[in-house]
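The structure appears right after this line, and notes come after that.
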């Protein structure tokens, strides 16, 4: 199943705005796929969120290193304060 998300409909952010999904986009994706996407955790308050941030930053660091056009990944990392 493919979920179509759009910047114009306010479901994702542009690269300049920090990339990633908005609350509206996460809600749509979760509703259509039965997933449980969570908001970014740039300032984690719980131990669980600290783990999510550490894991995300490690994964995206690899994407930035290997990608030819890594601007979107860098924008996501800025949003998560990696």
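No value in this document is a laboratory result; all are computed from the given coordinates. Quick caveat: nothing in here was measured; it's all calculated off a predicted structure. All Cβ positions, even for glycine, are placed from backbone atoms using ideal geometry, and neighbour counts span all protein chains on display.
Modelling each spin label as a point 7 Å along the Cα-to-Cβ direction, I'd like the residue 14/residue 64 distance in nm, to one decimal.
That separation, rounded to one decimal, is 2.2 nm.
Can you tell me how much longer the chain between residue 47 and residue 2 gets when fully stretched, taken as 0.36 nm per residue apart minus their C-alpha distance, in nm with one decimal?
Working it through step by step, the gained length comes to 12.9 nm.
How high is the relative contact order of the chain, in percent, counting Cα pairs under 8 Å that sit 6 or more residues apart?
Over the chain, the number comes to 29 percent.
At 7 Å along the Cα-to-beta-carbon direction for both residue 81 and residue 24, put a label point, then send me their distance in nm to one decimal.
My value for the distance between the label points is 2.7 nm.
Quick one: plug the Kirkwood hydrodynamic radius of the chain (C-alpha pairs) into Stokes-Einstein at 20 °C, 1.002 mPa s, and report D in µm²/s.
For these conditions, the coefficient is 158 µm²/s.
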